[in-house]
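One structure below.
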Amino acid sequence: MQAPPKKKKPKKFKSMWLNPFCEEGESYCPFNPRFDDIYYVESDKAKRRYWQTWVSCPPLKIKKKKICCFALAKGPPVKRRKHRKPKTACGPPPCPEEGDCPKVKRRCHKKGRIPPDCTRYPVPSDCRKPLTPYPSFSECRRLKPGALPLSECACYRRPMMCEMWAEFRLRALRKK
């Protein structure tokens, strides 16, 4: 035979937030202190197993850097170009009194060029270009375009009645 199961007594729920200065059954408690003042207990930090609650920074590694000191540095040697010296052994050439181009003065003309320009330019020739056997595009007489050829899309040019009424209603609304 088995023993009858034991009945467990239900424990009465006790809230941790009840005010100890007032009765449970009272609907109104005149004295309501702050819960921090009632329940806060300061812990002893010295009795803790771990004193430090943050991760400490790793030790700083100072990396050596090469620093260039330009005060003691010397630049590359400067190479100077040798200038050509003029020949002074010979004197300057004598000025020609009459050149190849004679200067002609006339009373009605302006002053001539100093020094005169002696270059010869080509004289326009009497030749004529041969004409092309056909006229250019602008010289052609073009035919005027006639009526467009009939196509099956010509029926779509005339709008349907429902489209006409929709347009009529839109225009009537715009007038108001």
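The values are calculated or read from the model by the stated rules, or taken from the named source; none is laboratory data. Keep in mind it's a predicted model, so treat the numbers as computed, not measured. Backbone-built Cβ (ideal geometry, glycine too); neighbour counts: all protein chains shown.
Considering only residues that are of a type in the set (A, V, I, L, M, F, W, C) and either modelled with pLDDT of 75 or more or surrounded by 10 or more Cβ atoms within 10 Å (Cβ to Cβ) (or both), which ones fall in segment 23-65?
Cys29, Phe31, Phe35, Ile38, Val41, Ala46, Trp54, Val55, Cys57, Leu60, Ile62, listed by residue number.
May I ask you to verify whether Lys82 is at pLDDT below 70 and either loosely packed, with under 10 Cβ neighbours inside 10 Å or at positive phi (or both)?
Taking the combined requirement at face value, the residue does not satisfy it.
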